[in-house]
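The values are calculated or read from the model by the stated rules, or taken from the named source; none is laboratory data. A quick note: this is a predicted structure, and the numbers were derived from the prediction, not measured. All Cβ positions, glycine included, derive from the backbone under ideal geometry; neighbour counts span all protein chains shown. Surface areas here come from the heavy atoms of the whole protein model, side chains and all, with no ligands, DNA or RNA. Shrake-Rupley method; radii C 1.70, N 1.55, O 1.52, S 1.80 Å.
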Amino acid sequence: MATTIKMPQLGESVTEGTIERWLVKEGDTVEQYDPLFEVVTDKVNAEVPAEVAGTITKIIVGDGQTVKVGTPLAEIDAGDGAGAAEGNGQTAQAAEQPAAAAEAPAEQATAAADQLAVAEQTAAQAPAETAPQAAAPAPEAAPEPAEAPARAAAAQPEPSAASAEPQAPAEPAATDASMRMTPAVRRLVREHDVDVSQIRGTGAAGRVTRDDVLAFVASRESQPAAAPAPAVTAGAAEAPAQPSTPAPATPSAQPPVAQAAAPAPSFAPTPVPPPTAGDTEIPLSQMRKGIAAKMTRVKQTVPHAYTVVEVDMGNVVRWREANTAAYKAREGIGISYVAVVIKAVTETLRQHPMVNSQFAEDRVILKQAMNIGIAVAVDNGLLVPVIHNADQLSISGVNRQVQDLAARARSNKLRLEDIQGGTFTVNNTGWFGSVTSMPIINAPEVAILSMEAIVKRPVVIEVDGADVIAIRPVMNMTCSFDHRVLDGAQVGYFLADIRKRLEAWDFNTPVG
């Protein structure tokens, strides 16, 4: 019996992953839970285990390819004997052929529908706008697949009679694997006025992915001399249909520039001069590309706001110093300030449930579980493993989870469940001495808390009714929040309650 291995869901907001490398090859025998391949996303590097024991009969997606969640990656024959494996392989191939044949017309219909929409828009706007403008605002909704071929065939003569330009994206190429794109990728192509035939797809079977389009746009924008050429040519082509005046040419060339700047993530937003002697070019890793894309997307779509408070950590510092030696002798690890802050955060989230929520476009989802993400710096990026149900753990339990997740993140040993389900994130930027930072929210979460370095400062305190200057260990806490869901007052009260808990920390609080 053949089992298909698919790209797993590597986080609630993750839609695709990159096969870093296969750890097995076709013909290898694996046991259940043996690692099959390493996958990279913007959230994690992880080894994906085998769901069943058997023989690897087919590897569908090779090293370095980025595919969507749910894409078939390989097949494992869980049957007995080579004959069964061969039979299953033939059955799988026979099943794939009709599926591929059935898929092709639907994809061709969708592509034809998209081209029809572009052609109709071009024909409607041709008297006043340039060709790049007509392609950009193509409508989202596509006709039903059954109607698309007929409508496309009926509409073809009009673009031909009006102009040769709308036929530039050759229709026969739509049957090629590189032209079979998701609706989101097709929309991105239209927004950036990209000729897909110039892009080499890196997806399954040569499909063009979102990253392929963004990389092409970035490379095109890095060549300022060539970028304006399409707009100038288009303006010149339109000149005979317009009054003989140079004034309309400038407005007609401007909108495509604005449209190209509006859609999201480009890794090179401004032209970059070519390297000079002595410069070193470092290619982006798959993790760094993922981080760059997500951080750009979050900053462009989530309205960030920030609140900072100072916390007198004197009681916490004395408590930790009094308990560290005995705890380390018993557990083999020290007590982290992160564990203390997380404990205070989970207790405070019960009073402020809106902070422990997720934004879902037309609604807010209040999360019952308190799954706290902890930002961990690794050699090639940043990971956010999750402490599940942190509110149900003791300080010692949280402390062990923090130490374990951080160690496994740095040794690339995180499991899939370790990076899923986060509802609120705590970021310890203070470990390297930072006193103020403004973290980016880990969307779809609505807030993230940064704890800064504990620094001894002179502060004014009241002793016996008189103000005196004292040296106290003070820590800044910064909360970045999604202003679509939370307001300054809500976050201010949330931080004030965390501060009260930490400043009033009981010296007799048990560690375990």
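Points worth noting:
- Loop-located trypsin sites (Lys or Arg not before Pro) across segment 426-512 with a Cβ neighbour count of 16 or fewer within 10 Å are 484, with loop assigned by DSSP.
- Whole-Å distance, taken between Cα centres, linking segment 279-346 and segment 371-413: 10 Å
- Here each label is just a point 7 Å from Cα along the line to Cβ, and for residue 308 and residue 63 those points are 4.6 nm apart.
- Spin-label model distance (nm) - residue 29 vs residue 378, 7 Å beyond Cα toward Cβ: 3.2 nm
- Taking 7 Å steps out from each Cα toward its Cβ at residue 328 and residue 394 produces label points 2.0 nm apart.
- Using 0.36 nm per residue and subtracting the Cα-Cα separation, the extra length available between residue 469 and residue 282 on full extension is 62.2 nm.
- Dividing the mean sequence gap of close Cα pairs (under 8 Å, 6+ apart) by how many residues segment 1-64 holds gives a relative contact order of 35 percent.
- Those trypsin sites (Lys or Arg not before Pro) in segment 1-61 that DSSP places in a loop and that have at most 15 other beta carbons within 10 Å: 25
- Cβ-Cβ distance of residue 195 and residue 300, R₀ of 25 Å, FRET efficiency by 1/(1 + (r/R0)^6): the value works out to about 0.50.
- Rounded to whole numbers, the Karplus 3J(HN,Hα) couplings from phi for segment 26-36 are 4, x, 6, 9, 10, 9, 4, 6, 5, x, 9 Hz, using 6.51 cos²θ - 1.76 cosθ + 1.60 with θ = phi - 60°, and x at Gly and Pro.
- In this structure the amide hydrogen of residue 457, modeled in the peptide plane, comes within under 5 Å of the amide hydrogens of 472, 474, none closer than 5 places in sequence on its chain.
- Among 443-455, 401-413, the peptide with the highest mean count of other Cβ atoms within 10 Å heads the list, and the full ranking is 443-455, 401-413.
- Listed by chain and number, the lysines placed with their C-alpha closer than 29 angstrom to that of residue 289 are 6, 25, 43, 58, 68, 299, 413; residues fewer than eight positions away on the same chain are left out.
- Accessible-area ranking of 327, 337, 493, 306, largest first, probe 1.4 Å: 493, 306, 337, 327
- Backbone HN-Hα couplings from phi across segment 334-340 [Karplus 6.51/-1.76/1.60, Hz, Gly and Pro as x]: x, 9, 8, 4, 4, 4, 5
- Packing, taken as the mean count of other beta carbons within 10 Å per residue, orders the peptides 459-471, 342-354 from highest to lowest as 342-354, 459-471.
- Using θ = phi - 60° and Karplus 6.51 cos²θ - 1.76 cosθ + 1.60, couplings along segment 460-468 (whole Hz; Gly, Pro as x): 9, 10, 9, 10, 6, x, 10, 7, 9
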